[in-house]
Amino acid sequence: MAQKQNSRKRCNAPVLSLSSVSSAPAESNTRLQKKKTQAIVVNDSDEDEEPIESTTPGNTQPTILQELTDKQELKKACQVHQDQQSDCYAYTHPPQLSNHLDKHKGRMMAYPCQTCGGQIHQPMYNTSPSNLQKHVANCTKKTDDSKVQTLTSLGITGSSDMDARDVPQLCAVWCAEGAHLFLALGEQAHLGILHAVVVQHLPTQKAVSNDIGRLYTAMQEALIEALKTHTGAMYLGLDAWQSPNRFDVLGTMIYCLVKDKNLGFHLEAMPLDFVRLQKSHTGVYLAELVQSIVEKFGLKNKVCGIVTDNTSNNQTMLEEIQSFKWPQFKVSLAKQDDSNNDPDDADDADQQIQL
């Protein structure tokens with residue numbers, strides 16, 4: 001009886017066939033494929049596509065399967081611009097789609113600047129307004145620097161229209177042309193006749209001294225070109241003196257015979273150079289300085305003579321210059337007896353020049 005029961009139990013046990021065993025993994029693969037394909041949606045309509053989210057039983061966080069289109073990004077950027085979430089948006093027009101591409105080969109946003117009219121390009125993936133803020137700051141600074149602040153705009157009348165930034169240059173020219181002392185700029189009587197705005201922009205005495213040097217250096221190139229094109233004889237006028245602040249200076253003038261349509265031939269004189277003397281005023285030392293000035297301005301082949309006083313060191317200087325063998329230079333020393341000087345017999349520099 002026991003054996004029959006055992007055999008009966010064996011017969012009741014389920015028998016698995018090979019076909020059922022092999023079909024089990026196929027069914028599980030089919031279920032996984034169905035889960036994957038359930039999240040894919042095809043939309044053939046012309047309406048803007050919206051991002052599609054899918055969730056799985058094991059992951060509760062949504063996953064964006066499709067990015068926003070360019071039109072959707074533009075719509076989003078326009079809304080941010082309209083909300084004025086940053087002050088920099090007030091300086092730009094609403095964004096537009098640009099043909100410029102970012103590093104990911106995607107189209108960029110273009111924000112037209114209201115100040116300069118330029119395009120400020122920004123990648124779509126970059127939502128920070130730092131790029132716009134940087135452009136607005138630079139553009140505003142350039143605009144402020146380019147604005148001309150004239151005396152008329154400040155409410156000053158009765159004077160010619162001028163830029164307040166020209167005051168240092170005008171002060172340098174005023175001191176240089178009129179041989180005014182720098183101290184005159186700080187005198188109360190001088191300040192009293194000037195407008196408060198002009199007084200506010202007056203430079204210091206040291207600044208005026210530096211401005212004169214820079215102004216002269218800037219004009220040297222133009223002067224050299226003018227002397228190159230001049231045809232005719234040229235003469236140098238030399239004189240050494242001591243300035244009020246006890247600096248020994250050698251001044252050089254250039255005299256040119258110029259033909260004018262209305263005035264005819266007339267003599268023009270202009271300052272050429274002023275050199276501070278560093279050592280004793282010997283004739284040889286002065287000749288070396290004059291030689292450097294002549295070579296600097298390219299006058300070696302044009303100088304015919306030199307006009308100066310008849311001190312002994314100047315005579316030595318002329319003799320030394322003669323040894324330089326300038327092509328047109330000729331020396332004519334005219335000695336005067338100091339005891340028999342007559343004002344009527346003294347010739348000025350213009351009359352001493354003969355062509």
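The values are calculated or read from the model by the stated rules, or taken from the named source; none is laboratory data. Bear in mind that the values here come from a model prediction, so they are computed numbers and not experimental data. Positions of Cβ are generated from backbone atoms using ideal geometry, with glycine treated the same way; all protein chains shown enter the neighbour counts.
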For this session: Among the residues of the range 64-116, write down those that are under 25 Å from Ala137 (Cβ atoms), among the polar types (S, T, N, Q) and either in contact (Cβ under 8 Å) with a residue 24 or more places away in the chain or in a loop (DSSP other than H, G, I, E, B) (or both).
Result: Gln84, Gln85, Ser86, Thr92, Gln114, Thr115
Exercise. Among the residues of the range 216-228, is any within 26 Å of Cys171 (Cα to Cα), among the aromatic types (Phe, Trp, Tyr) and surrounded by 13 or more Cβ atoms within 10 Å (Cβ to Cβ)?
Worked result: yes
Seminar exercise, completed: Of the residues in the range 229-252, those that are touching a residue at least 60 places away in the same chain (Cβ under 8 Å) and either surrounded by 14 or more Cβ atoms within 10 Å (Cβ to Cβ) or touching a strand residue (DSSP E or B) at 6+ places or on another chain (Cβ under 6 Å) (or both) number 9
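Quick one: which helices (runs of 4 or more DSSP H) lie wholly within the range 154-261 and hold at least 3 residues that are under 30 Å from Thr282 (Cβ atoms), at pLDDT 80 or above and not small (Gly, Ala, Ser)?
Numbers: elements: 167-177, 188-192, 196-200, 205-229.
Answer list for the range 154-261: 205-229.
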